[in-house]
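Structure first, then comments.
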Amino acid sequence: MSEVKIEKLCKSYGPVEVLKDINLTVGDGSFVVLVGPSGCGKSTLLRSIAGLEPVNSGNMTIGGRQVNDLPPAQREIAMVFQSYALYPHMDVYNNMAFGLKFAKTPKAEIEARVNEAARILQLEPLLKRRPRELSGGQRQRVAIGRAIVRKPQVFLFDEPLSNLDAALRINTRVEIAKLHKMLKATIVYVTHDQVEAMTLADKIVVMNKGRVEQAGKPLELYYKPNNLFVAGFIGSPAMNFLPAQVKKGGILALSDGQELKAALPSSCKAGDTVTLGFRPEHMTLGGAGKFALTGIIDIIERLGESGFAHVRLPSGHTVVAEVRGDPRTGSGQSAKLTFDADYLHIFNAEGQRLD
Amino acid sequence: MADAKAGAGNAIVGMGRGSYAMLLAFFLGPAVVIYTVFSIYPLFATIFNSLYLRQPDGAYLFNGLGNFQTLLTDTTWSVPFWNAFRNNCYFFFIHMLVQNPIGLALAAMLSLPRLRLRATYRTLIFMPTMLSVVIIGFSWQLILSPLWGISKMFLNALGLGFLFAPWLGQESTALITVSLISVWQFVGIPMILIYTALLAIPEELIDAATVDGLNQFQAFVWVKLPLIFPTIGLVSVLTFVNNFNAFDLIYAMKGALAGPNFSADIMGTLFYRTFFGNQLQLGDLSMGSTIATMMFLIILVGVMCYLFLIQRRMQRYSF
Amino acid sequence: MRKSASAIAVHGILILYTALALFPILLVIMNSFKARKAIFGSPLALPTPTTFSLIGYDRVFGDSSIVSYYLNSITVTGGTIFFTLLFGAMAAWALTEYKFRWNTLLALFLAVGIMVPIRLGSVSIIQLIVELNLINTLTALILVYTAQNLPLSIFILSEFIAQIPKDLREAGRCDGLSEYSIFFYIVLPLIRPAMATVAVFTMIPVWNDLWFPLLLAPTGGKQTITLGIQQFLGQYITDWNAVLSALSTAIIPVLILYVIFSRQLIRGLTSGAVK
């Protein structure tokens with residue numbers, strides 16, 4: 001069992017709280033991705049699990065063992081750093097073997113493990129090279145290899161793909177997913193890229209300002225975001241938000257007088273101010289959805305097989321809608337946007353989801 | 001990530017207070033002990049010594065600032081002191097007026113774009129700076145010696161033979177000759193420092209100036225020069241500290257007496273003579289310490305001027 | 001056309017100045033290989049088979065102590081570089097990596113020595129060395145020079161250590177290295193170039209210094225080469241062959257080292273380390 005359990009974890013630098021009451025369970029063999037804007041505390045949380053940052057209070061266990069006061073090397077973790085952190089003065093073999101040597105692992109065992117990792121990662125021809133003689137992708141694989149040879153209970157990845165170019169990033173992402181399946185490893189992975197998060201994770205943890213905003217399966221976060229922050233963070237382009245008033249009879253009135261009639265959640269009362277959310281990819285230009293909004297097209301960004309129409313409503317708000325194919329319309333034309341009830345999200349004045 | 005950097009180097013996880021203290025002691029101990037014992041302690045002990053006066057029976061008696069009063073007013077002490085101080089000021093001014101402008105000019109030429117043999121010039125011009133002052137001093141003594149006659153030959157070849165004189169031996173010219181030899185040796189330091197600062201100025205700035213219609217010389221004066229003022233300030237304070245601490249060259253060329261008639265005497269040689277004694281007087285620990293303390297104060301004033309007046313006002317630009 | 005004219009002018013000035021910088025050095029070396037008559041008769045001529053003479057060098061090396069003075073200088077310079085680098089790097093590492101209460105204050109304390117010349121404490125240094133019974137020993141010189149060079153060394157090495165990516169040190173921690181091992185196995189190998197720069201900065205003034213050898217080890221065969229040459233010159237002042245050879249003996253090894261390491265040295269000087 002290599003489950004990671006974090007309870008009531010708090011950390012501050014002087015008066016600045018960077019982690020506030022974090023509770024999180026990473027199941028054995030699961031792939032958990034921490035996402036959030038920069039400065040949200042996701043890297044700090046990862047480094048706290050690694051033992052590279054001391055914490056103020058709370059409890060951390062790895063595989064049932066409390067690790068709060070253990071140095072990194074005794075936590076049975078392995079970390080893959082954003083910059084890879086390969087030792088520049090050692091060749092690939094020694095980079096991977098270095099930690100094992102210090103753990104007094106027998107020589108034959110070290111060799112076996114390094115060769116095994118090199119085989120998995122196709123690093124065999126590179127073992128005698130120095131890091132500076134490797135490409136970005138190769139360095140990345142060495143960094144992962146260095147983690148594998150340690151046979152850790154938990155792998156920690158700190159934005160491992162952010163230094164790769166776009167094409168390589170997609171390749172490596174797939175490699176990491178395969179590796180996870182093959183090694184049945186428990187992984188905690190930090191990124192700010194939500195595509196990585198959506199494609200890799202069993203569970204996504206969205207963080208903001210030192211707190212966990214929501215944790216759940218990727219599609220759960222996509223279809224049922226708990227609050228405005230998660231709703232706005234997951235999905236690209238971001239969800240559209242419009243303020244509205246609840247009127248009698250399940251009518252939502254926008255500030256420019258357009259109205260939508262919906263089956264409202266029971267907690268919604270007439271007179272409430274709410275925020276409506278709907279994703280660009282769920283809207284169509286024209287079309288026959290249940291809800292319709294009209295406005296003037298500001299601009300259409302055409303990407304080829306699809307595009308994004310920026311439509312200005314009479315209230316002054318701009319709504320983005322995905323358009324398929326090549327619409328026969330353009331800037332300055334009026335447009336009708338439609339979407340379905342299933343895809344309407346309603347948030348209360350505090351920004352919490354209403355169901 | 002920004003959030004990763006914020007926590008730089010807190011206490012180390014899993015390490016107790018005791019072993020953390022041990023760690024710090026291990027890494028810092030040797031340097032701090034050697035530096036404190038052999039550098040800071042002697043400095044303070046010297047200042048302390050300057051407050052005591054040796055009695056005829058060999059005991060040392062607290063004398064307050066009496067030694068300083070003696071040094072500055074009693075003519076046995078004040079005449080050589082003011083003489084050395086004045087000479088040292090000349091020594092410094094000659095460096096400021098000759099060494100640093102030449103260094104600046106050489107650096108400006110070396111930093112010209114597309115200059116060939118740049119590295120060769122730089123290496124060769126810096127060469128004298130590498131050599132010991134003793135060696136340099138003695139070599140120049142030979143070259144300027146009327147016995148060998150090399151200098152005279154050169155002046156004759158230029159038709160200036162009538163100018164030749166035993167410059168090092170004359171009271172009126174000894175100090176300036178020694179100063180110029182020192183300039184000759186150390187011109188490499190301002191040259192390299194200013195050269196580095198010039199290289200750090202981005203090409204585009206000069207391109208922009210060219211587009212604005214400035215020629216190379218104008219671009220240097222109006223764009224580059226203002227940008228390297230901080231370096232010139234640094235060069236000046238380094239010159240000041242080195243000059244008021246100088247000793248080797250004058251001792252090597254003119255001996256501890258810095259003759260003729262103390263005409264090349266500076267603070268360093270006065271201090272050496274006072275502390276160790278010589279043919280004319282016995283060594284005097286108290287007065288030696290007093291002179292060293294005066295040198296310390298002079299250097300301190302110079303460094304403070306630099307830190308508070310010059311460095312504070314000067315803006316540093318980052319490119 | 002104007003462009004090439006100004007280029008020629010610049011080269012002209014630089015060549016003239018280079019000649020001025022090299023002439024005295026070359027003159028001394030050239031004449032040290034000549035017989036006395038040629039030194040005075042044709043000082044500007046290169047030694048020819050008829051004027052060539054090593055009589056000056058015979059005298060210099062006949063005074064067998066010159067060789068041991070060289071060894072003294074090598075010991076003192078080598079010892080100083082070793083301790084300055086080791087202790088300086090250790091202190092720089094602790095000051096940059098670890099947080100503790102007196103960190104900033106200690107860094108300032110150590111920086112004092114960059115600006116204030118240690119020579120001013122000479123009176124007390126002598127008393128101290130006498131009390132420690134180290135007068136006329138090379139140990140005394142090594143200790144004093146190490147104290148003198150530590151501040152700049154710590155300052156420069158700190159800047160370099162701060163540039164080592166944080167991830168790298170933490171990778172070491174994850175790999176199970178103790179703090180001591182991180183320093184010796186990761187940090188030290190990575191700051192080698194910086195240490196070469198510091199070594200050069202340390203070597204030149206120590207090798208060339210006259211003051212402390214004169215004060216702390218003036219006799220007893222413990223003279224450094226700089227002091228030894230100075231004393232030798234005093235003795236043989238009228239023997240031009242001996243004097244010129246002694247000067248050349250001091251110059252030539254330094255010149256050879258300089259030519260070999262000038263690239264490294266200039267790079268060190270221009271790396272902005274002294275800004």
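The values are calculated or read from the model by the stated rules, or taken from the named source; none is laboratory data. In this text, all values refer to a predicted model and were calculated from it rather than measured experimentally. Cβ sites come from the backbone with ideal geometry, for glycine too, and all protein chains shown count toward neighbours.
If you check C:Thr77 against the conditions, is it polar (S, T, N, Q) and at pLDDT below 85? Before you say what the answer is, go through the steps one by one.
Numbers: polar (S, T, N, Q): yes; at pLDDT below 85: no.
No.
Out of the residues in the range A:143-164 that are of a type in the set (A, V, I, L, M) and more than 22 Å from A:Arg75 (Cβ to Cβ), which is surrounded by the most Cβ atoms within 10 Å (Cβ to Cβ)?
This residue is A:Leu161.
Give the range C:1-12 a look and list any residue that's modelled with pLDDT of 85 or more and either surrounded by fewer than 14 Cβ atoms within 10 Å (Cβ to Cβ) or outside any helix (DSSP H, G or I) (or both), or say none. It would help to see each step written out before you state the result.
Of the residues in the range C:1-12, the ones modelled with pLDDT of 85 or more are C:8-12.
C:Ile8, C:Ala9, C:Gly12 - these are the residues of the range C:1-12 that are modelled with pLDDT of 85 or more and either surrounded by fewer than 14 Cβ atoms within 10 Å (Cβ to Cβ) or outside any helix (DSSP H, G or I) (or both).
Test A:Gly63 against the criterion of being touching a Ser or Thr at 6+ places or on another chain (Cβ under 6 Å) and more than 14 Å from chain C (Cβ to nearest Cβ), and give yes or no. Please lay out each step first, then the result.
Values: touching a Ser or Thr at 6+ places or on another chain (Cβ under 6 Å): yes; more than 14 Å from chain C (Cβ to nearest Cβ): yes.
Taking the combined requirement at face value, the residue satisfies it.
Among all residue pairs at least 6 apart or on different chains, which show Cβ distances below 6 Å where the first residue, located in the range B:256-279, is assigned to a loop (DSSP other than H, G, I, E, B) and the second is among the basic types (Lys, Arg)?
B:Ala256/B:Arg273; B:Ala264/B:Lys254
Every residue in the range A:84-112 that is out of contact with any Leu (no Cβ under 8 Å at 6 or more places or on another chain) and among the hydroxyl-bearing types (Ser, Thr, Tyr), please.
Scanning the range A:84-112 gives A:Tyr84, A:Thr105.
Taking B:Thr239 as meeting all but one of (1) closer than 23 Å to C:Thr226 by Cβ; (2) at pLDDT below 75; (3) of a type outside the set (A, V, I, L, M), write down the number of the exception.
Here B:Thr239 clears every test but (2).
Say whether the condition of being crowded, with 22+ Cβ neighbours inside 10 Å, over 22 Å from the mean Cα position of the chain (by Cα), within 7 Å of another protein chain (Cβ to nearest Cβ) and not polar (S, T, N, Q) is met by at least one residue in the range A:6-15.
No, there is no match, as no residue in the range A:6-15 is crowded, with 22+ Cβ neighbours inside 10 Å, over 22 Å from the mean Cα position of the chain (by Cα), within 7 Å of another protein chain (Cβ to nearest Cβ) and not polar (S, T, N, Q).
Name, by its number, the condition in (1) closer than 14 Å to A:Glu3 by Cα; (2) surrounded by fewer than 24 Cβ atoms within 10 Å (Cβ to Cβ); (3) within 14 Å of chain C (Cβ to nearest Cβ); (4) not polar (S, T, N, Q) that does not hold for A:Ala73.
(1)
Which of the following residues is under 18 Å from A:His192 (Cβ atoms), part of a helix (DSSP H, G or I) and within 14 Å of chain C (Cβ to nearest Cβ): A:Leu100, A:Leu46?
Only one candidate passes the filter, namely A:Leu46.
Condition test on A:Arg119, is it basic (Lys, Arg) and crowded, with 19+ Cβ neighbours inside 10 Å?
Spelling it out, it is not the case that A:Arg119 is basic (Lys, Arg) and crowded, with 19+ Cβ neighbours inside 10 Å.
Determine whether the range C:144-159 contains at least one residue that is surrounded by fewer than 18 Cβ atoms within 10 Å (Cβ to Cβ), in a helix (DSSP H, G or I) and either under 21 Å from the mean Cα position of the chain (by Cα) or at pLDDT below 90 (or both).
yes
Looking only at the range B:46-62, decide whether some residue is surrounded by fewer than 19 Cβ atoms within 10 Å (Cβ to Cβ), in a helix (DSSP H, G or I) and either within 28 Å of the chain's Cα centre (by Cα) or not β-branched (Val, Ile, Thr) (or both).
There is at least one residue in the range B:46-62 that is surrounded by fewer than 19 Cβ atoms within 10 Å (Cβ to Cβ), in a helix (DSSP H, G or I) and either within 28 Å of the chain's Cα centre (by Cα) or not β-branched (Val, Ile, Thr) (or both).
With the checklist (1) surrounded by fewer than 24 Cβ atoms within 10 Å (Cβ to Cβ); (2) within 24 Å of C:Ile191 (Cβ to Cβ) in hand, flag the one item C:Pro117 doesn't pass.
(2)
Does A:Gly277 fit the bill of being touching a residue at least 40 places away in the same chain (Cβ under 8 Å) and outside any loop (DSSP other than H, G, I, E, B)?
So A:Gly277 fits the description; yes.
Please state which of the following conditions B:Leu249 fails to meet, knowing it meets all the rest: (1) in a helix (DSSP H, G or I); (2) more than 10 Å from chain C (Cβ to nearest Cβ).
(2)
Applying the selection to the range C:55-86, what residues are in a loop (DSSP other than H, G, I, E, B) and either free of Cβ contacts under 8 Å to residues at least 60 places away in the same chain or in contact with a strand residue (DSSP E or B) (Cβ under 6 Å, 6 or more places away or on another chain) (or both)? Explain how you work it out, then say what you get.
Keep residues of the range C:55-86 that are in a loop (DSSP other than H, G, I, E, B), which gives C:63-64.
The answer is C:Ser64, and nothing else.
Output the residue which, of all residues in the range C:206-219 that are hydrophobic (A, V, I, L, M, F, W, C) and part of a loop (DSSP other than H, G, I, E, B), is surrounded by the fewest Cβ atoms within 10 Å (Cβ to Cβ).
C:Leu210
What is the one condition in (1) more than 11 Å from chain B (Cβ to nearest Cβ); (2) under 30 Å from A:Glu53 (Cβ atoms); (3) among the hydroxyl-bearing types (Ser, Thr, Tyr) that C:Thr137 does not satisfy?
(2)
Spot the failing condition for C:Ala45; the list is (1) more than 24 Å from the chain's Cα centre (by Cα); (2) more than 7 Å from chain B (Cβ to nearest Cβ); (3) not in a loop (DSSP other than H, G, I, E, B), and only one is missed.
So C:Ala45 meets the others, but not (3).
Go through the range C:31-42 and count every residue that is more than 13 Å from C:Val243 (Cα to Cα) and either more than 11 Å from chain B (Cβ to nearest Cβ) or crowded, with 18+ Cβ neighbours inside 10 Å (or both).
The qualifying residues number 2.
Each row is one residue, and each column tells you yes or no for (1) assigned to a helix (DSSP H, G or I); (2) in contact (Cβ under 8 Å) with a residue 60 or more places away in the chain; (3) more than 7 Å from every other protein chain (Cβ to nearest Cβ).
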residue: C:Val200; (1), (2), (3): yes, yes, yes
residue: C:Ile204; (1), (2), (3): yes, no, no
residue: C:Gly221; (1), (2), (3): no, yes, yes
residue: C:Leu227; (1), (2), (3): yes, yes, yes
residue: C:Thr238; (1), (2), (3): no, no, yes
residue: C:Ala242; (1), (2), (3): yes, yes, yes
residue: C:Leu247; (1), (2), (3): yes, yes, no
residue: C:Ala250; (1), (2), (3): yes, no, no
